[in-house]
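The values are calculated or read from the model by the stated rules, or taken from the named source; none is laboratory data. Source: prediction; values computed, not measured. Reconstructed Cβ throughout: ideal geometry from the backbone, glycine too, with neighbour counts over all protein chains shown.
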Amino acid sequence: MSNLRLQLKEKIIEQLNLEDLSVEDINNEDLLFGDEIGLDSIDALELIVLLEKDYGIKLTDPAQGKEVFESVETMAQFIEKNA
Amino acid sequence: MKKNGYITSSVKLKNHQIFKNDALLFKTEPHISTQDFLKEAYRFLEINYPKFHKMDVLCKLGIIASCVLKEDYPNDTALVFQNASGSEVSDVQHQKNIQDFPSPANFVYTLPNIVMGEISIKHQLHSENAFFIAEEFQPQFIHLYTESLLDQKKASAAMCGWLEANLDDYHVFLNYIEPRGEDIFSAAMLSEKFLR
């Protein structure tokens, strides 16, 4: 597992208070907002803050969010491309 | 003819202890943090509601108290709460956050009545609710307001009482009121149970 993907999982668990999940429970391709991880709209806002705060990336187009936050993998690819 | 309501269950959370109907149900070491106490209580009660971990202290107290008070509620159970500090804990946290990066997850808890929404979602209530702020618990006011909801048939039952969390401490005293029981629902009875 790449460091970035592992780091993202740790940050998501910590910042979204997903106490019942561990890094091993999240696969890179799991849908963050689907049945698999079950994040909600407030979590989406927290992820936007996380991108800006920890990686210096500001999402300017809200429509981007749907693709960027689909999974840990899509988030990692977006960070690798834009950081 | 006006019918009496009855207090059929009470719950207290104070000093890292949970009492149901005056009997000690759960306690932790007094020196641990309130958040750790709430986490341990959540595990002990086997609440199994992952959203709990995202909530602020006031909501966690409300969810735990409501789960101890009763297992199932009629969906028209009214909620009538009072406290002194509103949502102070989340407000102060939000004030700190906005110096840097505001947290949406914290911001959503900067109103005390959010706890009633969380309790309603957890127990699937579609009912009347009201959250009052006062310097101290006012049994007469809470009794009067709750009783009027029951009298006017706005609700068939009610959860009412004190739900306080501030930067230093917390104190919860909630009661379940329904049409049948032994302890008559009155301001004096609320007051007596509160001080017990």
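Could you please let me know if residue A:26 is in contact (Cβ under 8 Å) with a residue 12 or more places away in the chain, closer than 28 Å to residue B:99 by Cα and among the β-branched types (Val, Ile, Thr)? Spell out the reasoning first.
Values: in contact (Cβ under 8 Å) with a residue 12 or more places away in the chain: yes; closer than 28 Å to residue B:99 by Cα: no; among the β-branched types (Val, Ile, Thr): yes.
Against the criterion (in contact (Cβ under 8 Å) with a residue 12 or more places away in the chain, closer than 28 Å to residue B:99 by Cα and among the β-branched types (Val, Ile, Thr)), residue A:26 does not qualify.
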For this session: Output yes when any residue across region A:65-72 is surrounded by 13 or more Cβ atoms within 10 Å (Cβ to Cβ), closer than 30 Å to residue B:43 by Cα and at pLDDT 90 or above, and no when none is.
Result: yes
Problem set entry | Index of the failed condition, residue A:60 passing every other in (1) within 14 Å of chain B (Cβ to nearest Cβ); (2) under 24 Å from residue B:100 (Cα atoms); (3) modelled with pLDDT under 95 | (1)
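How many of the residues in region B:86-133 are part of a helix (DSSP H, G or I) and more than 14 Å from chain A (Cβ to nearest Cβ)?
12
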Problem set entry | Any pair with Cβ under 9 angstrom, 6 or more apart, that starts in region B:62-85 at a residue that is over 19 Å from residue B:130 (Cβ atoms) and ends at one that is assigned to a loop (DSSP other than H, G, I, E, B) and of a type outside the set (A, V, I, L, M, F, W, C) | B:67/B:49
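Considering each of A:73, A:14, A:67 in turn, give the residue that is in a helix (DSSP H, G or I) and within 14 Å of chain B (Cβ to nearest Cβ).
The unique qualifying residue is A:14.
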Seminar exercise, completed: When region B:74-108 is checked residue by residue, the ones that are surrounded by fewer than 23 Cβ atoms within 10 Å (Cβ to Cβ) and either among the hydroxyl-bearing types (Ser, Thr, Tyr) or at positive phi (or both) are B:85, B:86, B:103
Exercise. Looking at this structure, is residue B:154 basic (Lys, Arg) and under 22 Å from residue B:76 (Cβ atoms)?
Worked result: yes
For this session: Under 7 Å between Cβ atoms, at least 6 apart or on separate chains: pull out the pairs that start in region B:34-47 with a residue that is of a type in the set (Phe, Trp, Tyr) and end on any residue that is buried (at least 16 other Cβ atoms within 10 Å of the Cβ) and in a helix (DSSP H, G or I).
Result: B:42/B:52; B:42/B:64
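Do we find a residue being in contact with a Lys or Arg (Cβ under 9 Å, 6 or more places away or on another chain) and within 30 Å of residue A:38 (Cβ to Cβ) anywhere in region B:7-17? I'd like the intermediate steps shown before the answer.
Initially, region B:7-17 is screened for residues in contact with a Lys or Arg (Cβ under 9 Å, 6 or more places away or on another chain), giving B:7-12, B:15-17.
Applying the additional criterion that residues be within 30 Å of residue A:38 (Cβ to Cβ) yields B:11.
Yes.
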For this session: List the number of the failed condition for residue B:16; all other conditions in (1) at positive phi; (2) surrounded by fewer than 19 Cβ atoms within 10 Å (Cβ to Cβ) hold.
Result: (2)
For this session: Go through region A:29-57 residue by residue and tally those that are more than 10 Å from every other protein chain (Cβ to nearest Cβ) and farther than 21 Å from residue A:19 by Cβ.
Result: 5
Exercise. When only residues in region A:17-45 that are part of a loop (DSSP other than H, G, I, E, B) and of a type in the set (Asp, Glu) count, which is surrounded by the most Cβ atoms within 10 Å (Cβ to Cβ)?
Worked result: A:30
